[in-house]
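One structure is given here, and the rest of the page talks about it.
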Ligand code: MRU
């Protein structure tokens, strides 16, 4: 994706050919800054502190984290330590475990001297595949948007509601939920996106920043507006991402996704989840999805830019108020119209997923 005319991915091998660069998403949408990761520790902090975020990007960063660890020490215990340290950074997005399993599979049997180079090659492959996979998700999702556009009057926009940031910043490029939107816009189909603010981290501001840079018409809305807009007939389609989708089709995504799916069902609005197969948890009985409980501070305070550009952080709750901050929720498969994957659009059902990905199921 281009930022001010310059092509960017969300993570890449730095110009030194050795370390890794990321866009520091904690500073967006106010500042666009690139940060450098040169150690396992850097990669762990980047994921934990949400300098990088979004399930596919968390996976790609973990892969590069293993590579950076192998540069420091490629012994067996260092590999085990790197994988467990990275796995502990965030609990919900299953792409993290998927990427670590893949890295271990690629380098575990190699002699230590060859591990760093092989780890870099595998991390680059994971990142490259993520771009291709999201593009494929985009092609399939594009047909949904095209179908709706064909039923509208000429020039009338297809209104799409999205939650959180499932855009290119959450992946290596394209995004999952945004890929169909970018392709539709580029194909000349009029689209307009309702961007959920997504308290408390306001990932909607990242989505708005992305869409703005790509010239996609959009409106930023508070999280509670979606149901009303659906009742008013102002939403044609919901497209969201996922952090972990179970083999039965249940979708774990950013907190608030479930309420959007309920409102969508009540208003006959199609609710599609866009995800790469690396987001599917194929374990027969995962024993419940670990829902990340994040710091109270994220709710108690809110950050924003003052008129003179300084970013301020202000309190919004009475001091001492008890706070709960679950970061994800689970949308039952029955509320999901379909899963948009790199291999096509499937029912949110175990048999459909297993038929689409037999080698993984
Ligand atoms: O807490 P975050 O910002 O990492 O959560 C991200 C989301 O919930 C996204 O919707 C999800 O990862 C899909 S990203 C393609």
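Put simply, of 137, 148 the only residue that is within 14 Å of the ligand (Cβ to nearest atom), in a helix (DSSP H, G or I) and at pLDDT 95 or above is 137. Would you confirm whether any residue within the stretch 263-275 is free of Cβ contacts under 8 Å to residues at least 60 places away in the same chain, under 24 Å from residue 195 (Cα atoms), in contact with a helix residue (DSSP H, G or I) (Cβ under 7 Å, 6 or more places away or on another chain) and not in a loop (DSSP other than H, G, I, E, B)? The answer is yes; a qualifying residue exists.
A single member of 223, 130 is buried (at least 24 other Cβ atoms within 10 Å of the Cβ) and either within 15 Å of the ligand (Cβ to nearest atom) or within 22 Å of residue 8 (Cα to Cα) (or both), and it is 130. None of 257, 245 is touching a residue at least 24 places away in the same chain (Cβ under 8 Å), within 13 Å of the ligand (Cβ to nearest atom), within 25 Å of residue 233 (Cβ to Cβ) and within 17 Å of the chain's Cα centre (by Cα) except 257. Looking at residue 123, is it away from the ligand (no atom under 16 Å from the Cβ) and either surrounded by 18 or more Cβ atoms within 10 Å (Cβ to Cβ) or under 19 Å from the mean Cα position of the chain (by Cα) (or both)? So residue 123 passes the test. Summed over the stretch 182-207, residues that are within 15 Å of the chain's Cα centre (by Cα), surrounded by 22 or more Cβ atoms within 10 Å (Cβ to Cβ) and not in a loop (DSSP other than H, G, I, E, B) total 6.
Can you name every residue in the stretch 319-361 that is modelled with pLDDT under 95 and more than 28 Å from residue 176 (Cβ to Cβ)? Selection gives 319, 320. Does residue 28 qualify as being more than 22 Å from residue 204 (Cβ to Cβ), surrounded by 16 or more Cβ atoms within 10 Å (Cβ to Cβ) and either within 17 Å of the chain's Cα centre (by Cα) or at pLDDT 95 or above (or both)? No, not satisfied. Restricting the stretch 284-302 to residues that are surrounded by 11 or more Cβ atoms within 10 Å (Cβ to Cβ) and without any contact (Cβ under 8 Å) to a residue 24 or more places away in the chain, the residue that is nearest to residue 244 (Cα to Cα) is 297.
The values are calculated or read from the model by the stated rules, or taken from the named source; none is laboratory data. Since this is a predicted model, take the numbers as computed values, not measurements. Virtual Cβ from ideal backbone geometry, glycine too; neighbours counted across all protein chains shown.
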